[in-house]
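Worksheet: the structure to be examined is printed underneath.
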Amino acid sequence: MPSPKQPPKPAEPASGAEPSERRHAVSREIEGLKQSIRQMDLTYRGVRDARFKFDDMFSEISKLERDFIEGKVTKVQDAFQSLSTKFDQRVTQWRMQFRQNPPKNPKERRDDAREQQHGNARVQPVTEHFMNMKLALQKLEKGAQEHSTGSDQPKESAAELPAGFLREFMNAGKNPAEKRAAVLKYFVHEKKLELHVVEGKKPVVRPGPAYNRFYFLAATSQVIRIQRIEITDVIHIHDPAADKKRPMTLKEFAEHVQQGVWLLEEKPTHM
């Protein structure tokens, strides 16, 4: 609380959720993650292998919770990314045990199936909390940037689809060939995206996803526009035909690239 000699702090800008609400969202995800990690119980053939315990991760999350309370947001963001990777690697090792040592009889096969089902039920909420945590931290950071720069910054208007395209595209229904024909009628396939893989590094999409541009996803016959690209591995897309917006991880986008993604450029005229 400011001293009597100090002027009161100005009200925070009301752009989206207030900073305090964003901080509460992060705190809720940290608490949920702690509870889910505490319930992790991965066994292999009835044995609780020390390699698949998560007590150390619970301690790390508790420490990061203290760092977050102290305002070390960037440190927490980086640490949670590393922690998420560590968790995924540990779960992968557990699953590999079942693949590398196939069951020898029907009973062992049934027991393995039950054991994996039990473990996967524990893994799923942890994975979801890690994803929600990433998004909550991104929103918190974005809110902090808006608060520091103000909400009156000029914004580029959303790219528009060619006149007549959306109606023709939607009339194609679920027919992939007709949808692709509509795309080719109104757009030029400017570039086909490729996935570059370098040993020891994460795959990289080239050219990288571009803000406010339209793309055609061959696997799902979708035309999407990229609305926002976060500093971490998340892009936000808009599907005009379904009129839906959602976040998409770059990992998911890369999977689409493997099946065919084209950067679209509107044709000067439509025949």
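The values are calculated or read from the model by the stated rules, or taken from the named source; none is laboratory data. The structure presented is a predicted model; accordingly, all values stated were derived computationally and were not measured. Here Cβ is always computed from backbone atoms with ideal geometry, including for glycine, and neighbour counts include all displayed protein chains.
Things worth noting here:
- Only listed residue being crowded, with 18+ Cβ neighbours inside 10 Å and out of contact with any Lys or Arg (no Cβ under 6 Å at 6 or more places or on another chain), chosen from Met96, Met131, Met57: Met57
- Long-range neighbours under 7 Å by Cβ, at least six apart or interchain, first residue without any contact (Cβ under 8 Å) to a residue 60 or more places away in the chain within segment 81-104, second in a helix (DSSP H, G or I) and charged (D, E, K, R): Leu83/Glu60; Gln93/Arg51; Phe98/Asp112; Pro103/Arg109; Pro103/Asp112
- Any hit, segment 149-172, residues being part of a helix (DSSP H, G or I), surrounded by 10 or more Cβ atoms within 10 Å (Cβ to Cβ), at pLDDT below 90 and not β-branched (Val, Ile, Thr): no
- Qualifying residue in segment 94-111 (condition: modelled with pLDDT of 90 or more, polar (S, T, N, Q) and closer than 27 Å to Glu29 by Cα): no
- Hits in segment 206-249 - residues which are more than 22 Å from Glu266 (Cβ to Cβ), modelled with pLDDT of 80 or more and not charged (D, E, K, R): Ala219, Pro247, Met248, Thr249
Residues checked against (1) at pLDDT 90 or above; (2) part of a helix (DSSP H, G or I); (3) touching a helix residue (DSSP H, G or I) at 6+ places or on another chain (Cβ under 8 Å); (4) among the small types (Gly, Ala, Ser):
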site	(1), (2), (3), (4)
Leu64	no, yes, yes, no
Asp67	no, yes, yes, no
Asp78	no, yes, no, no
Lys86	yes, yes, yes, no
Lys134	no, yes, yes, no
